[in-house]
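What follows is one structure encoded as structure tokens, with my remarks underneath.
Values quoted throughout were computed directly from the atomic coordinates according to the rules given, and no laboratory measurement underlies them. All values reported here derive from a predicted model rather than from experimental measurement. Note: ideal-geometry Cβ built from the backbone for every residue, glycine included; neighbour counts use all protein chains shown.
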Amino acid sequence: MNVLIDEIEAEHSTAQARCRAVIQIFFDLTEAEPDVMAFVIHARHREFLPKEKAICSASAFVRMRGFVFAGIDKGEIRAINPGVAAVIMYGGAIRMVCLRLNGIIPITLDEYFDELWVNTWKSLES
């Protein structure tokens with residue numbers, strides 16, 4: 001994930017573009033590597049790695065939240081609690097990944113990407 005985040009940072013300079021790219025990668029990985037995404041999303045990592053931080057504290061996820069926090073600092077994302085903004089930014093996408101992995105969403109996530117992204121961004125933009 002950190003390599004993918006590095007690529008996003010190198011290719012995109014705005015919070016909007018970076019966050020959009022993160023969600024696109026989540027959706028792409030869910031379709032291409034569902035077992036990997038299921039492990040990332042569903043595994044209770046602390047049950048078998050009790051001394052490790054929670055997955056949401058992993059550096060890639062911290063960096064993803066950083067995209068949102070930087071967007072708030074630059075005025076690209078409206079001034080709201082940064083933690084709430086990060087949940088709004090990624091929460092819907094992560095939920096859709098879960099639904100796809102569980103077979104609730106029967107078609108590829110690409111079918112939903114544009115609608116999800118437009119509405120997520122509208123809820124946060126300045």
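Given a Förster radius of 25 Å and the C-beta distance between Lys74 and Asp110 as r, what FRET efficiency does 1/(1 + (r/R0)^6) yield to the nearest 0.05?
On the way: r = 29 Å, r/R0 = 1.16.
E between Lys74 and Asp110, to the nearest 0.05, is 0.30.
Order these by the 10 Å Cβ neighbour count, fewest first: Met89, Met1. Don't skip to the answer; put the middle values down first.
Details: Met89 24, Met1 16.
Sorted ascending by nearby Cβ count, the order is Met1, Met89.
Counted by neighbouring Cβ atoms within 10 Å, the residues Val36, Val68, Val87 run from fewest to most as Val36, Val87, Val68. Per residue, the chain reaches -23000 deg cm²/dmol at 222 nm when only DSSP H runs of four or more residues are counted, each adding -39500 (n - 2.57). In order along the range 59-70, the phi-based Karplus estimate (6.51 cos²θ - 1.76 cosθ + 1.60, θ = phi - 60°) of 3J(HN,Hα) comes to 4, 4, 6, 5, 5, 4, 5, x, 4, 5, 4, 5 Hz; Gly and Pro are listed as x. Using the Karplus relation 6.51 cos²θ - 1.76 cosθ + 1.60 with θ = phi - 60°, the per-residue 3J(HN,Hα) values for the range 119-124 come to 6, 5, 5, 4, 6, 10 Hz, with x marking Gly and Pro.
Give me the compactness ratio for the range 2-44, meaning the Cα radius of gyration over 2.2 N^0.38 Å.
Details: Rg = 11.6 Å, N = 43, 2.2 N^0.38 = 9.2 Å.
That ratio works out to 1.26.
Size descriptors for the chain, from the alpha-carbon set: Rg then Dmax equal 14.5, 42 Å. Taking amide hydrogens as placed 1.01 Å from N in the peptide plane, the amide H of His12 sits under 5 Å from that of no residue at least 5 positions away in sequence or on another chain.
So if we plug the beta-carbon distance of Thr14 and Val36 into 1/(1 + (r/R0)^6) with R0 = 30 Å, what FRET efficiency do we get, rounded to 0.05? Show your work: numbers first, answer last.
Values: r = 28 Å, r/R0 = 0.93.
After rounding, the FRET efficiency stands at 0.60.
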